[in-house]
1. Separation between the E42 and Q116 pseudo-spin-labels, each 7 Å from Cα along Cα→Cβ, expressed in nm?
2. Give me the 1.4 Å probe accessible area per residue for segment 15-151, excluding ligands and nucleic acids, in Å².
3. For a quick protection proxy, order the peptides 512-518, 141-147 by their average other-Cβ count within 10 Å, most packed first.
4. Compute the length gained on full extension between E223 and N125: take 0.36 nm times their separation in residues and subtract their Cα-Cα distance, giving the result in nm to one decimal.
5. Using the Cα centre of the chain as origin and beta-carbon charges of +1 (Lys, Arg) and -1 (Asp, Glu), tell me which of G315, A296, Y208 is placed farthest towards the positive end of the dipole.
6. Let me know the whole percent of all Cα-Cα pairs from segment 152-222 that are separated by more than 18 Å.
7. Straight distance only, please: which lysines reach the Cα of K463 with their own Cα at less than 16 Å, same-chain residues fewer than 8 apart left out?
8. Under the rule a/c < 1.5 gives rounded, and otherwise a/b versus b/c splits prolate from oblate, where does segment 573-698 land using the Cα gyration tensor?
Amino acid sequence: MMQHNRCSSSLVVNPLIDETGLPAFDRISPEHVEPAVVSSLEAFNEGFKTLEQGWAMGSPKSYEQVIDAMERVGAPLFSCWSVVGHLTSVKNSDELRAVHEKMQPIVVEAFQKVGQSKPLYDALNSIDKKTLDLTQLRIVEKEIKSMERSGIGLEKSMQEKFNKLKLESAELSTKFSNNLLDSQKYFKLELVDKVDMEGLPASALGLYSKYAQDSGHDESTPEHGPWVITLDGPSYVPFMQHAKSSKLRELVYRAFITRASTGEKDNSVIIQRLLVIRKEIASMLGYGSYAEMSLATKMAKSEGKVMDLISLLHGKTMDYALDEVKKLKEYSKMDKLNPWDVAYWSERLKEDKFEFEEEALRPYFPLQGVLQGMFDLSNKLFGIKVIPADGETSVWNPDVGFFTIVDEQSGKKIASFFLDPYSRPAEKRGGAWMASCQGRSNVFKRLPVAYLICNGSPPVAGKPSLMSFRDVETLFHEFGHSLQHMLTEIQHSDAAGINGIEWDAVELPSQFMENWCWHQDTLLSFAKHYETGQVLPDELFAKLKAGKNYHAGMTMLRQLQFGALDITLHSSKYDPKGAKTPFDLQQELSKEYSVIPPLPEDRFLCGFSHIFAGGYSAGYYPYKWAEVMSADAFAAFEEVGLENDAAIAETGKRFRATVLSLGGSRDPTEVYREFRGRDPTPEALLRHSGLTSPLSKL
Ligand code: ZN
């Protein structure tokens with residue numbers, strides 16, 4: 001079925017091109033990359049050209065002639081390139097990085113060419129909608145919309161202007177993040193006096209000493225200094241939380257909130273220009289504002305809906321946040337709590353009230369026990385069995401496991417996944433993620449296969465891998481994404497699993513799974529000491545839970561403020577060419593959303609990379625949006641009684657049949673309604689965050 005390209009130098013099939021099964025990880029090495037990419041790219045270009053010619057010869061076209069044909073032509077290049085991408089994340093090396101960098105531009109160019117192909121656009125538009133099922137219709141319409149967003153529907157002269165604006169905007173975003181990085185690098189606070197380091201934990205002192213060594217102080221030690229404080233997260237956060245000296249905290253704080261806001265590295269000009277460009281792009285495509293354009297392809301659909309949710313949460317949260325500040329003030333015995341005091345006193349109060357060594361939890365979470373607990377839960381909820389299948393296929397590291405998922409009722413194998421559990425700093429990137437190794441497809445008759453990647457501590461000296469609670473939550477989160485990828489019943493690959501799901505609905509199954517870690521009976525069913533078998537004590541669980549909701553009011557308000565600021569800046573209510581600067585708007589919203597007013601010189605926006613250098617512009621709100629939905633989904637299980645196994649299984653079955661099965665085949669609002677019988681409400685999120693308890697009891 002597939003092409004049989006061979007390396008010119010030998011008769012052995014290049015394992016990156018061999019598509020007879022899952023990737024042959026034991027045989028792939030960096031020298032295979034270039035020949036594989038080059039030959040699949042040639043085949044792709046050839047195939048795509050033939051398709052374009054075919055499309056140009058008379059219409060209409062059928063779904064199979066356009067979408068399925070594209071899948072066939074694109075698959076070899078796509079799968080080869082995605083394996084290369086995967087390996088750069090989990091098995092990096094100088095050779096691999098070099099060849100990845102070399103190949104990337106030509107691959108990106110090939111994919112871009114598709115997005116800008118007029119024959120493809122015309123072919124899509126020629127498909128007779130009446131011949132399509134609902135899933136196919138959604139796929140075709142989304143594809144057309146996405147091509148239109150790259151300017152394909154515009155007249156020639158407009159298109160040139162459009163492309164110029166797009167390019168300028170990409171350049172400005174890069175400049176924005178470079179300015180931010182540079183200005184962070186530029187700031188270095190060198191301290192030599194031990195008194196100045198009072199309060200800081202050993203891990204922070206180690207980091208500051210390392211920074212001092214990097215700046216030429218070879219003699220620096222964590223105990224005796226000198227120390228260097230910088231403005232990047234791992235350095236800034238512990239300093240604000242623990243440095244006893246309020247004066248030094250103020251100094252570092254002021255530097256932090258004015259990052260990239262003056263001189264050559266000034267981001268405020270970039271912000272202004274970016275907002276103007278975005279508005280213009282939106283207007284060229286026929287939208288009233290950039291926010292309107294962004295929301296048109298999201299579950300929320302409109303600014304009004306987003307702002308309604310933000311206002312509702314704001315109204316329910318304010319009193320709690322005010323109460324938190326009041327208590328913090330009392331505790332600190334300060335007349336005025338300055339912005340640079342908040343993190344410091346919050347930490348002290350938290351330590352006093354319910355701090356415990358997070359490390360003390362690890363012995364209760366050996367990896368094998370946690371996995372078993374998570375698989376048992378999935379069995380109970382979704383009627384699936386997870387079966388170890390090591391040896392069935394090759395892996396990229398001996399610690400990587402392979403599992404098969406079997407549907408309990410039919411006894412049929414429905415999916416598989418790789419689990420790469422441990423950190424390997426030399427070759428694997430940090431964090432945790434789920435990615436598709438292979439998606440469900442009726443064109444190729446393939447079952448879904450997922451990569452589930454974590455970064456836990458490996459087993460040492462006869463001890464099993466012991467996870468932190470945060471690691472456990474993360475594993476559940478990524479498994480939630482994997483379940484949606486693997487349990488899909490959609491056969492059209494562009495809408496199967498996590499494909500084609502709206503940006504603000506993607507985190508539903510992942511955050512939903514996290515909720516189970518906070519359910520005491522579920523957690524205690526597997527949180528057992530790896531040596532003694534003792535179950536995690538109730539009092540430790542209670543402290544864990546109290547810590548989660550500590551200052552939930554202030555944390556929620558902050559997120560709401562970011563969401564509101566992002567939407568308003570991109571809405572028709574704000575004119576980037578008008579007299580009101582983005583900073584004025586920031587101050588204005590602070591009056592409503594901040595319990596500790598920002599300083600007048602606060603230039604937080606100059607460091608807000610999410611919306612000016614990342615993909616979150618008019619799309620920051622989904623953090624809360626998805627949390628509301630996942631908490632509400634979990635509440636469906638609470639309502640039937642978490643101890644009632646039969647009712648839980650019933651509800652789980654419905655979750656599987658809707659959220660986990662339908663993928664991107666339908667509007668997420670409809671999918672959710674089918675599961676829940678109504679739209680999501682924020683009540684459960686507020687309750688889970690402790691924002692419904694009587695204030696006097698807090
Ligand atoms: Zn996620």
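1. About 2.5 nm, to one decimal.
2. 49 Å²
3. 512-518, 141-147
4. Between E223 and N125, full extension yields an extra 28.4 nm.
5. Final value for the positive-end residue is A296.
6. 62 percent
7. Filter leaves K528.
8. oblate
The values are calculated or read from the model by the stated rules, or taken from the named source; none is laboratory data. Fair warning: this is a prediction, and the values are worked out from it, not measured in the lab. Note: ideal-geometry Cβ built from the backbone for every residue, glycine included; neighbour counts use all protein chains shown. Please note that ligands, DNA and RNA were not included when accessible areas were found on the heavy atoms of the full protein model with its side chains. Shrake-Rupley method; radii C 1.70, N 1.55, O 1.52, S 1.80 Å.
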